[in-house]
Each structure stands twice: as structure tokens, then as C-alpha cells.
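Asks: Pasting a structure below so you can have a look.
The values are calculated or read from the model by the stated rules, or taken from the named source; none is laboratory data. Quick caveat: nothing in here was measured; it's all calculated off a predicted structure. Quick reminder, even Gly has a Cβ in these numbers, built from the backbone with ideal geometry, and neighbours come from all protein chains shown.
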Amino acid sequence: MKITALSSQIRNPDRVNVSIDGKYKFSLDISQITELGVKVGREVSEEELAFLETEGLFGKLYSLALVYSFSRPHSVRELRDYLYRKTLTTKFRTKKGEVREKPGYSPTLTTRVLEKLQHKGYVDDEKFARWWVESRNQIKGTSLRKLSVELRAKGVDMEIIETVLAASDRSDKDELAKIIAKKRAKYSDEQKLIAYLARQGFSYDDIKVALAAEDEG
């Protein structure tokens, strides 16, 4: 078998279609063309063809995961969940109205993609936790306890969470002041306001101190 043509995809110029013996067979990222020594006239065996096809799928999945990871910082668990969804078989309808199935990617490929993202530093739980704490509800306020619970739900290790929170400039005192300033008008009954603040993760003692300070102010 021989590679007979290489052509850029119209919809995605970063992908190159590879033809074997005059027929389209698979596609690769532009960078993979050089890395894998793919060129017109190269003879390939069945084993080499299977390898190149697998690398083509890896390159496509890595590109998709890269776009996802760059849309905003993500935790390792979020990326793992995203990649897991890519292993699932999906159904689609053809132009003729026929329902067909598209197989998902293999778990082996999703593992490789996640490992490469971690190696490149594109997904890192500590970086993610810092971003989350620095950006989450900065204007309206959030208790440190709630931030911790949210990060745990994202799969971040408790040791990382504690380290990031300890290094943060945010404090429950300041966060309480933000929330009270926004919610005071809504809660004419102070007990209801206290109950609301408690549900947000603040301690009763901190709430009483913050309300007293607000009244004095």
C-alpha cells in the first residue's frame, strides 16, 4: 500500500486528509505529518496503517480536548469526565434521514490525551483551584467553606484546597460584608437573613459579628 495524496481539509485546515492507493483513508494534524514521516509515495504495511490511523484519532481528540481546556481553567476530574463522554457511542441522522451510530474514542486514547494535557501543564488542579478562588463570586461574595465544597465537587484534593485558601486574600469577614450589603434589603427579618447566611457556609459567630459591625456602621 502506498500514500498517494495529502490534502488539507476544507473545514479544518489544521487537519490533513491522507489517501492510500487513491482513496481517502484517514486524517492527521499538520504537526503529525512531519512527526510521523507521512509523505506521498511512502509505502506502508497493514501494521503501519493501523498505527497511523490510531495516531490520527489521537490528534483529533487531543485538539478537541485542547479547545475545551482553553475555554476556561478545568480540574483534572472535569477533563476526565469530558474525555469519558467522548468514549460513548452517539447517534446521528444522515441527510437521507437514516439514524446511524458513531463509535466513541477508545479509553486508551483518552488516557493518553489527559496525560499529555497534564504533562504540558494545560490541566493542573492547583492552578485551577487558585483561579476558582480568585474569580468565584468576587463581587457578591462566597464563604470559604462554600468555595472548599465546590472545589471538592470538582475533584480537587483537600490538601490543595487548604493550601490555596490559606494563601488567598479572601476572608469570611469581607465576603460576609459583600453579601449582607446585597441581601439586607431583601430580608427585613434578621433571623431569616442569618439563616440565609448560614446556608451559604458562614459560621453563626461570624454572622453575628458581621451584622453587629454593619449596624454600627
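Asks: Taking the stated definitions as given, is LYS154 among the basic types (Lys, Arg), over 23 Å from the mean Cα position of the chain (by Cα) and either within 25 Å of TRP131 (Cβ to Cβ) or in the same structural domain as TRP131 (by TED's automatic domain parsing) (or both)?
Replies: When the stated conditions are applied, LYS154 does not pass them.
Asks: Any residue that is surrounded by fewer than 18 Cβ atoms within 10 Å (Cβ to Cβ) and of a type in the set (S, T, N, Q) - is there at least one of those in region 44-52?
Replies: yes
Asks: Output the residues belonging to region 88-129 that are of a type in the set (Asp, Glu) and either closer than 17 Å to ARG77 by Cβ or free of Cβ contacts under 8 Å to residues at least 12 places away in the same chain (or both). Spell out how you get there, then give the answer.
Replies: Initial filter on region 88-129 (of a type in the set (Asp, Glu)): 98, 101, 115, 124-126.
Passing the criteria: GLU98, GLU115, ASP124, ASP125, GLU126.
Asks: For residues in region 164-189 being without any contact (Cβ under 8 Å) to a residue 24 or more places away in the chain and part of a loop (DSSP other than H, G, I, E, B), which is farthest from ILE207 (Cα to Cα)?
Replies: Within region 164-189, the match that is farthest from ILE207 (Cα to Cα) is ASP169.
Asks: I'm trying to understand the selection: among the residues of region 129-142, which are surrounded by fewer than 22 Cβ atoms within 10 Å (Cβ to Cβ) and assigned to a helix (DSSP H, G or I)?
Replies: Hits for region 129-142 are ARG130, TRP131, TRP132, GLU134, SER135.
Asks: Does any residue of region 111-118 turn out to be among the polar types (S, T, N, Q) and under 13 Å from the mean Cα position of the chain (by Cα)?
Replies: For region 111-118, residues among the polar types (S, T, N, Q) and under 13 Å from the mean Cα position of the chain (by Cα): present.
Asks: Also: When you look at SER148, is it out of contact with any His (no Cβ under 8 Å at 6 or more places or on another chain) and surrounded by 16 or more Cβ atoms within 10 Å (Cβ to Cβ), yes or no?
Replies: yes
Asks: Here's a follow-up. From the list PHE70, PHE92, which residue is more than 30 Å from LYS154 (Cβ to Cβ) and either within 31 Å of the chain's Cα centre (by Cα) or among the hydroxyl-bearing types (Ser, Thr, Tyr) (or both)?
Replies: PHE92
Asks: Another question, if that's okay. Going by the conditions given, is LEU83 at pLDDT 95 or above, outside the structural domain of ASP174 (by TED's automatic domain parsing) and over 13 Å from the mean Cα position of the chain (by Cα)?
Replies: no
Asks: Moving on. State all residues of region 143-160 that are assigned to a helix (DSSP H, G or I) and of a type in the set (A, V, I, L, M); if no residue qualifies, say none.
Replies: LEU144, LEU147, VAL149, LEU151, ALA153, MET158, ILE160
Asks: Going by what's in this entry, would ASN12 be described as out of contact with any strand residue (DSSP E or B) (no Cβ under 7 Å at 6 or more places or on another chain) and either surrounded by 13 or more Cβ atoms within 10 Å (Cβ to Cβ) or not assigned by TED's automatic domain parsing to the domain that holds THR110 (or both)?
Replies: yes
Asks: Further question: Could you please give the count of residues in region 176-217 that are among the hydroxyl-bearing types (Ser, Thr, Tyr) and surrounded by 12 or more Cβ atoms within 10 Å (Cβ to Cβ)?
Replies: Just the residues of region 176-217 that are among the hydroxyl-bearing types (Ser, Thr, Tyr), to begin with: 187-188, 196, 203-204.
After this cut, where a residue has to be surrounded by 12 or more Cβ atoms within 10 Å (Cβ to Cβ) as well, the list is 187, 196, 203.
Of the residues in region 176-217, 3 are among the hydroxyl-bearing types (Ser, Thr, Tyr) and surrounded by 12 or more Cβ atoms within 10 Å (Cβ to Cβ).
Asks: Which of (1) modelled with pLDDT of 95 or more; (2) under 30 Å from TYR62 (Cα atoms) is the odd one out, the single condition SER135 does not satisfy?
Replies: Only one criterion in (1) modelled with pLDDT of 95 or more; (2) under 30 Å from TYR62 (Cα atoms) is unmet by SER135, namely (1).
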